[in-house]
Amino acid sequence: KCVVVVGSREDELTAIQELCLEMGMAVQLSATGTQGLELLEDLDPDLLVMDLQLPDMHGWEMLGKVKEITSLRDLPIIVIADHAAAPDQQSFALTVAKVEVYLVKPVSMAKLRQNIWMALKQRSR
C-alpha cells in the first residue's frame with residue numbers, strides 16, 4: 001500500500017510517516033499542496049492523508065483539484081484540521097468534499113492508525 005501525506009509541519013509529517021512505515025506501507029511526503037498533487041498523479045496511491053493548513057493553497061482547494069483528477073476520484077482521503085476549524089467544516093468535508101475521515105488536532109497516533117486501516121479496508125471492497 002502507498003500513502004501520500006501532505007502537510008506543512010515537519011514534525012507531524014515525520015510522525016505520520018513513521019506510523020505508516022510501522023504499518024508496512026510505502027510513504028511519500030509533501031510539504032505543499034502543489035507537490036502533493038504531483039505525487040498523487042505520479043504514484044496512484046491507496047490513501048491520501050492531508051492537513052488543511054498548507055503553505056501554498058488551502059486544503060479545500062487541493063481537495064477540489066484531487067477530485068478533478070479522474071484516476072483519483074475513489075481515493076480514500078483523511079483530512080486533519082486545526083483545532084480552531086469551524087464545526088461546519090466537518091459536515092462539508094464528509095458530504096460535499098467526500099472525504100472518508102475528518103480528524104481535528106491533536107490527533108493521537110492510535111486514532112490515526114485505526115482510521116488509516118478503516119479507509120484502506122473500505123477501498124479494498
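The values are calculated or read from the model by the stated rules, or taken from the named source; none is laboratory data. Note that the coordinates shown come from a computational prediction; the quantities given were computed from them, not determined experimentally. Neighbour counts are summed over all protein chains in view; Cβ atoms, including those assigned to glycine, are modelled from backbone coordinates with ideal geometry. Surface areas here come from the heavy atoms of the whole protein model, side chains and all, with no ligands, DNA or RNA. Shrake-Rupley method; radii C 1.70, N 1.55, O 1.52, S 1.80 Å.
Numbers at a glance
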quantity: DSSP bridge orientation in region 1-104 - percent antiparallel, rounded to nearest 5; calculated: 5
quantity: Size of electric dipole in the chain: Cβ of Lys, Arg +1 and of Asp, Glu -1, about Cα centre, debye, nearest 20; calculated: 580
quantity: Formal net charge of residues neighbouring Glu12 (Cβ-Cβ distance under 12 Å; K, R +1; D, E -1); calculated: -3
quantity: Among the listed pairs Lys1/Lys105; Lys65/Lys98; Lys1/Lys65, those beyond 20 Å (Cα-Cα); calculated: Lys1/Lys105; Lys1/Lys65
quantity: Solvent exposure of the chain as accessible area per residue, Å², 1.4 Å probe; calculated: 53
quantity: Amide N of region 3-26 lying under 18 Å from the label point, which is placed 7 angstrom from the Cα of Glu61 along Cα→Cβ; calculated: 6-9
quantity: Of Lys65, Lys111, Lys98, the one that fluctuates the most in a GNM where the chain has Cα springs shorter than 10 Å; calculated: Lys111
quantity: Principal axis dimensions, region 1-44 - Cα atoms, whole angstrom, descending; calculated: 26, 23, 6
quantity: Helical contribution to [θ] at 222 nm, DSSP H n ≥ 4, -39,500 (n - 2.57), averaged over the chain, rounded to 500; calculated: -13000 deg cm²/dmol
quantity: Contour minus Cα-Cα distance for Asp44 and Asp74 (0.36 nm per residue); calculated: 9.7 nm
quantity: Given [x] 13.0, 35; [y] 15.4, 46; [z] 17.4, 54, the label whose value is Rg and Dmax of the Cα atoms in Å derived from this model; calculated: [x]
quantity: Mean separation of Cα contacts under 8 Å (6+ apart) over length of the chain, as relative contact order %; calculated: 23
